[in-house]
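Written out below as structure tokens is the structure these notes cover.
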């Protein structure tokens, strides 16, 4: 952000609140400051409730907590949106009608968390017994035991616990933003729908169904998906889309049992070697996928998207240092531009054993799991098909299960390909009015320049919203970048909770 | 074998026994037939004694059984040859001096067995509770419960149990061969030393030491190594050498932690992909190793060796059918000729996970275990060096441990290479007098044409005998080819035990 614009923003924030003007940050900040200890305590209580999608009791307790908070905040029609089947974690619904509002915006977050392996967490830490620590739990940090005794809470403190960053912070910030506006007597500019999913981390298997089943309640002009981390630069970010995703599993067959590598080495086919050659044939030394047609379906970036991309801060060097490598797959391409291309990635390879378990054998099978990330324009089934065509062009016979004895004695090179279900990328054009409203609202609500990404590198089934709720989604993350998402020692930077509340409030006041 | 020669052999067998003439098969066969039930019972008792090299009690019990059998058979100086350290499974020694014998020949076998995973054995089977079954334990077979009630034992029956084929049959056949000659009043033509190792399956870690420590007892003109299976054609075989072996473990590094394949896919280096490319660069589609100089050190086959190789029955098609593949690594090369070349084989690959455990990540490391098999002329350390040179030529920085942070930020492509210890190939020239004596003796003792292999595909540390016992070794296997060596359901074909006795007796009467 240019200094001149920043000045303008500060000016705008200082003017008296009128409808469709940004929320006065000073007022909201002061209000947050006044309540931060109470809210922190409440948030710790929220994070303490186990939230695995498979844990029915935990899910019920979370839903109860959220619904109580919504009701206390003056949100109306608070209810569970159930799926057809029993025992599916329900979505939680609420709404706020605003007189004369022209649009209805859904605020989405999810209250379930990733599975946990408590043994991997730091000694003494429990995924559902949140702590407050004074910095990222990487090297040296201190546990803050008596936060109530501090005059102010430090924005750099962290709250630990599963769900602290992914994605209870979304739930809490959204509800707290509305509650704060109400307490401060500031009216939202749009009708608000609250929609909190309960099985996102399980892959949202019933989301489409819930959206269809409760369609009349969910009519809207756009969805704000509050999930994920902000930009590594520390600046707020909106993602106008996501990459699609489709998995494949390849298993190459050799002999029908492992053979002694002395008695048969040089003679029996080695599936680990065959698989290596096959995988090597798919990508060159600069990470370019060599599969015919792999990039052909890609919708080119618009001029606006290109320009947004140019304004994304380049944090590649810092990230590479943090992640301990100096050569990216294609050193001539930045991270943010790489994420706007389809990718073919090896998630894992397994053939017999290595290390102490290795033995002098020729393995009988070799397996690789691949994931294909897809961008706008690329159909996931077509993309899987291109990979299969490539495999066939390398001389392979493709089966859908382990080969029969007859197949083994009929084909030179045999591979089992499992096509996993997937979904396409989703992208809201930058020039779309909703995209403009969202970016402006967030930019107005925050002090640092907004990063606008045409697409996230990761995948979410956002196509579902477009397909089943008939509205465009835009992702507005608030968690800190280094939140250990999906992993052990998940944590939320406290300042991100407060900024999240401000951003969500700003969105509830988006220009009409 | 040509019919004319077979006729000659039958004639030779029918003549009266004189020194340096083959043992009369009729006499020996008849003697075996008379005693087979008693010996089978004794052999079952032997196989019942657990024989893992790490099981001190089991090893002691085996040694006791063997020494008793040796003493009963009239073998002299029966004793344990200990290593320097305590608790090393000792070798068992014995000798027979023959008046006027010009040569001393050592008969080697080992009494320890491979580790067992009893859960992998057929239901109800125990590795150390041998059974008698009527055919190979593959599809349909019947357990013979009352073998004593049969008038004759069927040569195709099998004895199950760990060690039944590898290598207690060697111990039993050697002792029983000498005992039989003695009972029949037939004198060996050579002085005999019996040497039974107790930790071959653990890699013979103290063999060299035992040979050095007891060198005066072990002075000889050659070693008969009775271990391994006969030729897949069912014909007897001698191996005049073995391939050497040297392992390597390669670990390619990417980022210092697994990264999300959506947020970083196309950008973060993928070690699984890098490793695939590296492995693919090492070998072409026809199994030819592309590493510079890989075949340069090979000692070419002599004319005699080439001629022996041409006479090896080609069982490739049958083996391929049994093992379920139709394309060998190099379809233009036979199995037996393949085994006379150095090989580079992938024993296993591991990078993150596949199948149900796979997740959408970019792995942080990828590991492959390789083994190099070596033939005459090839130095194992030089061969490892060539592989390293190749890896460096692909742009890799080689470390001997996990890279430091500083190394990670200094080198584009990083690999850890662990060089495992190994040993060179060993080969007794076919034209050597000892090779001639051995092949002639076995050919005379058996009814089917002998297969002479210049080298086994597998590896044994035979160089130790040449280096520390100052004598050439020749491998004379007797177990059936399909004995499930090292695996579950190990078994010995009964006929191979009897033939083994005949062959060992024949060797004890080799021409002087």
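Here, each number is a calculation from the coordinates, and none is a lab measurement. Predicted model, so just to flag it, every value in this text is computed and none were measured. Positions of Cβ are generated from backbone atoms using ideal geometry, with glycine treated the same way; all protein chains shown enter the neighbour counts.
Below, the figures for the structure above:
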quantity: 10 Å Cβ neighbours from other chains, averaged over peptide A:318-324; calculated: 6
quantity: Other-copy label distances relative to residue A:495, 7 angstrom Cα-Cβ extension, nm; calculated: 8.4
quantity: Region A:348-388: C-alpha pair distances exceeding 16 Å, %; calculated: 56
quantity: Extent along principal axes [Cα atoms of region A:17-145; Å; largest to smallest]; calculated: 54, 46, 21
quantity: D_trans [Stokes-Einstein, Kirkwood Rh over alpha-carbon pairs] for chain A, 25 °C, 0.890 mPa s, µm² s⁻¹; calculated: 99
quantity: For region B:187-333: relative contact order, % (alpha-carbon pairs under 8 angstrom, 6 or more apart); calculated: 16
quantity: For q = 0.10, 0.17 Å⁻¹, Debye-computed log10 I/I(0) when each Cα of region A:226-380 counts as one equal scatterer; calculated: -0.53, -1.10
quantity: Estimated FRET transfer efficiency when R0 is 25 angstrom, pair residue B:257-residue A:126 (beta carbons, to 0.05); calculated: 0.65
quantity: Angstrom value of the Kirkwood radius, inverse mean 1/r, which spans all Cα pairs in region A:205-246; calculated: 13.3
quantity: Rounded to 5, percent antiparallel among DSSP beta bridges of chain B; calculated: 65
quantity: Simple label model, 7 Å out from Cα along Cβ direction - residue B:406 to residue A:217, nm; calculated: 6.2
quantity: Shortest-first nm distances, residue B:48 label point to equivalent points in other copies (7 Å, Cα→Cβ); calculated: 6.6
quantity: Sequence-separation-based contact order of region B:319-453, relative, with Cα cut under 8 Å and 6+ spacing, percent; calculated: 17
quantity: Dimensionless Rg ratio for region A:108-181, taking C-alpha atoms and the 2.2 N^0.38 Å reference; calculated: 1.24
quantity: Shape call, region A:161-224: gyration tensor on alpha carbons, a/c limit 1.5; calculated: oblate
quantity: Sorted by Cβ neighbour density within 10 Å, fewest at the top, the residues A:121, A:223; calculated: A:121, A:223
quantity: Within 10 Å of each Cβ in A:358-368, the average number of Cβ atoms from other chains; calculated: 6
quantity: Value of [θ]222 nm, deg cm²/dmol, for chain B, DSSP H segments ≥ 4, -39500 (n - 2.57) each, nearest 500; calculated: -9500 deg cm²/dmol
quantity: Two-decimal Rg to Rh for region A:368-512 - Kirkwood Rh, Cα set; calculated: 1.15
quantity: Inter-part distance where region B:438-470 and region A:114-170 are each reduced to a Cα centre, Å; calculated: 69
quantity: Size descriptor, Kirkwood hydrodynamic radius, that averages inverse alpha-carbon separations across region B:420-462, Å; calculated: 12.2
quantity: Cα-based Rg and Dmax for region B:308-400, where Dmax is the largest Cα-Cα distance (Å); calculated: 18.3, 55
quantity: Rounded, prolate or oblate (a/c below 1.5 giving rounded, otherwise prolate when a/b exceeds b/c) for region A:276-341 by Cα gyration tensor; calculated: oblate
quantity: Inter-copy label distances at residue A:135 (7 Å, Cα→Cβ; nm, one decimal); calculated: 7.4
quantity: Percent of C-alpha pairs per 5 Å bin, region A:23-97, short to long; calculated: 3, 14, 17, 19, 19, 14, 7, 4, 2, 0
quantity: Intensity falloff of region B:150-276 expressed as log10 I(q)/I(0), Debye formula with alpha-carbon point scatterers, at q = 0.09, 0.14, 0.16, 0.17 Å⁻¹; calculated: -0.54, -0.88, -1.06, -1.16
quantity: Distance cut-off 44 Å, percentage of C-alpha pairs in the protein assembly as shown lying past it; calculated: 48
quantity: Neighbour-count order for B:239, A:150, fewest beta carbons within 10 angstrom listed first; calculated: A:150, B:239
quantity: Spin-label model distance (nm) - residue B:135 vs residue A:310, 7 Å beyond Cα toward Cβ; calculated: 7.8
quantity: Test item: B:250-261 mean partner chain Cβ contacts at 10 Å; calculated: 4
quantity: Rounded if a/c under 1.5, otherwise prolate or oblate - region B:420-496, Cα gyration tensor axes; calculated: oblate
quantity: Relative contact order (%) - criterion: Cα under 8 Å, at least six apart; region: region A:335-395; calculated: 35
quantity: Residues residue B:42 and residue B:151, FRET efficiency given R0 of 25 Å [Cβ-Cβ distance, rounded to 0.05]; calculated: 0.80
quantity: Rounded to 5, percent antiparallel among DSSP beta bridges of the protein assembly as shown; calculated: 65
quantity: Residue A:30-residue B:421 pseudo-label distance in nm [points 7 Å out on the Cα-to-Cβ vector]; calculated: 7.9
